[in-house]
1. Per residue, what accessible area does the chain have, given a 1.4 Å probe and all protein chains present, in Å²?
2. How many nm is it between the label spots at SER56 and LEU92, if each spot is 7 Å from the Cα in line with the beta carbon?
3. Using mean Cβ contacts within 10 Å as the protection proxy, how do 19-25, 121-127, 95-101, 131-137 order, highest first?
4. Can you send over the carbon and sulfur percentage of the accessible area for the range 1-136, probe radius 1.4 Å, protein chains only?
5. Binning at 5 angstrom from zero up to the longest distance, how are the C-alpha pair distances of the range 2-62 distributed in percent?
6. Working out 0.36 nm times the residue gap between THR45 and ALA6, then minus their Cα-Cα distance, what length gain in nm do you get to one decimal?
7. 7 Å from Cα along Cα→Cβ at both ARG130 and ARG14: what's the point-to-point distance in nm?
8. For labels at ALA64 and VAL81 in the simple 7 Å Cα→Cβ model, what's the distance in nm?
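The values are calculated or read from the model by the stated rules, or taken from the named source; none is laboratory data. This structure is a prediction, so every number in the text was calculated from the model and none was measured. Neighbour counts run over all protein chains shown; Cβ positions are idealised from the backbone, glycine included. For the accessible areas, the whole protein counts, side chains as well, though only heavy atoms, and no ligand, DNA or RNA atoms are used. Shrake-Rupley method; radii C 1.70, N 1.55, O 1.52, S 1.80 Å.
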Amino acid sequence: VKLEFAGQAAVKSRNDATHTLSIDASGADKKGRGAAAAVLTAVLTQVPRGTKVDISLELEISGAAAQYGRGLVADVTAVLVQQTADSMQARLRAIAMGLDPNAVVGAQPASGLAIGFNAFMRALVRVFKRFFMPYVPVARR
């Protein structure tokens, strides 16, 4: 499965008082096989060791990407969000050490192999839990 999206993202709202940020993004597959639109909301909360960022994502997918089902889409999304968080942490550490964050961690293309492997591992864990662990219902919005 290879889909390559091009699009735009813009800050929809930012509230310094409540420490929230909302980003509106949309894009389409370069070969016309689908489109995606997302609204990402981040809420920052101070914790003893730094800042906790809670992210919620409203994602709409159409076309070829939509046929893969919720599980795969959720797994791939989780992998991309984790990669972004890891990159942000590395950049923030670089800034704290007085280094240029772009020299430490530059923009990297998403690795399809890494995303696929991580999504597969998440799916495997989900299946393992379903068959071998006690059932715990997941709250859905």
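1. 79 Å²
2. Reported label-point gap for SER56 and LEU92 is 2.1 nm.
3. In decreasing order of mean packing, 19-25, 121-127, 95-101, 131-137 become 19-25, 121-127, 95-101, 131-137.
4. Reported share for carbon and sulfur atoms: 60 percent.
5. 4, 18, 20, 19, 13, 11, 8, 5, 2, 0
6. 10.9 nm
7. Calculated label separation equals 4.2 nm.
8. With each label placed 7 Å out from Cα toward Cβ, I get 2.6 nm.
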